[in-house]
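Beneath this line is the structure, given in structure tokens, with notes to follow.
The values are calculated or read from the model by the stated rules, or taken from the named source; none is laboratory data. No experiment lies behind these values; they were computed from the predicted model shown. FYI the Cβ positions are ideal-geometry reconstructions off the backbone, even for glycines, and counts take in every protein chain you see. Ligands, DNA and RNA are excluded from the accessible area calculation, which covers all protein heavy atoms including side chains. Shrake-Rupley method; radii C 1.70, N 1.55, O 1.52, S 1.80 Å.
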Amino acid sequence: MGNRGNSGGTAVTTGYFSSVDDVASRLAGTGYLASPAVATTVFLADRLGKPLLVEGPAGVGKTELAKAVAEVAGARLVRLQCYEGVDEARALYEWNHAKQLLRITAGRDESWDETRTDIFGEEFLLSRPLLTAIRSEEPTVLLVDETDKADVEVEGLLLEVLSDFQVTVPELGTITATRRPFVVLTSNASRELSEALRRRCLFLHIGFPEEDLERRIVRSKVPGIDEALAASVVRVVGALRAMDLRKAPSVAETVDWARTLLALGADTLSEAVVRDSLGVILKHREDILTAAAELGLEAV
């Protein structure tokens, strides 16, 4: 069937940002406060037309980064949520078998060749996130979320998409992007991604932020919080992350804790307030007991 979409030449690249400062400023306008490293890597991914692989612990803002880029770019966000068992039919495309069966039943008097040509047409194709992003003619951010949760076989699909920004549907031919999406892949590093996939991407590690940046994030996300209380929250969370915990509190949990304290009307982090609200930032009983002991709190 030949090549569909962009039949020759280079696909239009994104070009959403004019400089590193432009990235930082515009992301901040959405409430996403980017470190210099984040802003620089986003700018380079945009300028070079390269996918961005963002790795780091859960809750540090990897997914939110893709959402913020889509918002400032006025782009459509297409999300592929990865999980164990996700396959080509969920990631790329599948055929609408029920509709195909109805068409076959309705065309009993036709030859198989006539029916086959019809049922493998656009009308019967169910486009999934990867194909949707490739075919999009409008500005698009493709988010492949928690890539490390997908099976290794899914990386083969990603390699085809990220190599040439094209996919092959045997019955229709090769579909090539006319406008390249801005691609963000996230990983919690629960397993190693292949070197082939890594080579096609710019790499960004987002860890827990420095104290000053996290304090700014808290004040941005929780407008009514007092500066001194925000600083106390961030210091305690930093102390918790230094402990030997099963799950260190994420930035999202820091923000949740700040909102909780505001809802409780707390002006300071008293021992009682910390003890009674530890369950907001720590989600395992053994972590709460460890933290209570380390912080010198009474039994919780």
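Here's a check for you: in the stretch 130-152, which residue that is farther than 24 Å from L48 by Cβ and part of a loop (DSSP other than H, G, I, E, B) is modelled with the lowest pLDDT?
Among those residues, the one meeting the criterion is D151.
Which residue pairs have Cβ atoms under 8 Å apart, sit 6 or more places apart or on different chains, and have a first residue in the stretch 48-71 that is of a type in the set (S, T, N, Q) and a second that is modelled with pLDDT of 95 or more?
Close Cβ pairs satisfying both conditions: T63/L143; T63/D145; T63/T186.
Of these, R191, R200, R180, which one is touching an Asp or Glu at 6+ places or on another chain (Cβ under 7 Å) and at pLDDT below 95?
Of the residues listed, the single one that is touching an Asp or Glu at 6+ places or on another chain (Cβ under 7 Å) and at pLDDT below 95 is R191.
Mind telling me which of the residues E155, E114, E123 ends up being of a type in the set (D, E), at pLDDT 85 or above and assigned to a helix (DSSP H, G or I)?
Step by step, each of E155, E114, E123 is checked, and only E155 is of a type in the set (D, E), at pLDDT 85 or above and assigned to a helix (DSSP H, G or I).
Can you tell me which of (1) modelled with pLDDT of 95 or more; (2) under 26 Å from the mean Cα position of the chain (by Cα); (3) open to solvent by 40 Å² or more (accessible area, probe 1.4 Å); (4) charged (D, E, K, R) is the one E214 doesn't meet?
(3)
In the stretch 243-264, which residue that is within 13 Å of V233 (Cβ to Cβ), over 25 Å from the mean Cα position of the chain (by Cα) and not β-branched (V, I, T) is surrounded by the most Cβ atoms within 10 Å (Cβ to Cβ)?
L261
With respect to G207, is the statement that it is within 25 Å of G29 (Cα to Cα), touching a Gly at 6+ places or on another chain (Cβ under 7 Å) and not in a helix (DSSP H, G or I) true?
Spelling it out, G207 is indeed within 25 Å of G29 (Cα to Cα), touching a Gly at 6+ places or on another chain (Cβ under 7 Å) and not in a helix (DSSP H, G or I).
When residues of the stretch 158-176 are filtered for being surrounded by fewer than 22 Cβ atoms within 10 Å (Cβ to Cβ), closer than 24 Å to T41 by Cβ and of a type outside the set (D, E), how many remain?
Total meeting the criteria: 2.
So is A91 farther than 30 Å from S25 by Cα and modelled with pLDDT of 90 or more or not?
yes
May I ask you to list the residues in the stretch 56-74 that are open to solvent by 20 Å² or more (accessible area, probe 1.4 Å) and in contact with a helix residue (DSSP H, G or I) (Cβ under 8 Å, 6 or more places away or on another chain)?
G59, V72 - these are the residues of the stretch 56-74 that are open to solvent by 20 Å² or more (accessible area, probe 1.4 Å) and in contact with a helix residue (DSSP H, G or I) (Cβ under 8 Å, 6 or more places away or on another chain).
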